[in-house]
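One structure is given below, encoded as structure tokens.
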Amino acid sequence: MDVKAFLKTIPEFAQLPDADVDLVAGIAKVGEVKAGSMIDVQGEPAMKFYILVSGRLGVVLGLDFGVTKKTYMVTSIGPGHMFAYSGLVGNPHYTAGSRAMANSTYLEFDVARLNEAFNEDPRLGHVMMRMVAQTIASRLRAMQLRLAQQYAVSEAEQAPD
């Protein structure tokens, strides 16, 4: 797989100088996972960061209610999207997990090596962290909309006829 060519399909990477894309591509390892398998697991050390190349992933959140534990899929992502960015934003453990919904290919990055690259090239760090911030913002917005829809349905069901 031509990692650099794939990264260049992502708009933020396409705007970077080739040397920066080469640096990121050099850190990447290509991985594959079968449908139903986990890539990263909530609560485990957040030492890796990923970008999905092909397939589909569900971002899953496990909740312990004391009496029962449940796992919820909070969103799904497709090719070109990043996931498991907890370590990049300073969380020592993954705050959610990622389960393959289909056979998938991904790029895996060591968070420590990326942070070293960001220290050497702050512009690269700025671009990557802006991508992370945009991802967080879009997922937060999607969850806000879902929550508002649930409240609206609940209110409509409780309204007197």
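Restricting attention to segment 117-133 and to residues that are surrounded by 12 or more Cβ atoms within 10 Å (Cβ to Cβ), under 17 Å from residue 22 (Cα atoms) and without any contact (Cβ under 8 Å) to a residue 40 or more places away in the chain, the residue that is nearest to the chain's Cα centre (by Cα) turns out to be 125.
Rundown of residues vs (1) surrounded by 14 or more Cβ atoms within 10 Å (Cβ to Cβ); (2) within 13 Å of the chain's Cα centre (by Cα), yes/no style:
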{"position": "28", "(1), (2)": "yes, no"}
{"position": "33", "(1), (2)": "yes, no"}
{"position": "39", "(1), (2)": "yes, yes"}
{"position": "46", "(1), (2)": "yes, yes"}
{"position": "55", "(1), (2)": "yes, no"}
{"position": "60", "(1), (2)": "yes, yes"}
{"position": "66", "(1), (2)": "no, no"}
{"position": "78", "(1), (2)": "no, yes"}
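Restricting attention to segment 1-26 and to residues that are touching a residue at least 24 places away in the same chain (Cβ under 8 Å) and of a type in the set (Asp, Glu), the residue that is surrounded by the most Cβ atoms within 10 Å (Cβ to Cβ) turns out to be 20. Each residue in segment 1-41 was checked for being of a type in the set (Phe, Trp, Tyr) and touching a Leu at 6+ places or on another chain (Cβ under 7 Å), and 1 of them qualify.
Computed from the coordinates by the stated procedures, all read-outs in this text should not be read as laboratory data. Note that the structure is a prediction, hence the values are computed from the model and not measured. All Cβ positions, glycine included, derive from the backbone under ideal geometry; neighbour counts span all protein chains shown.
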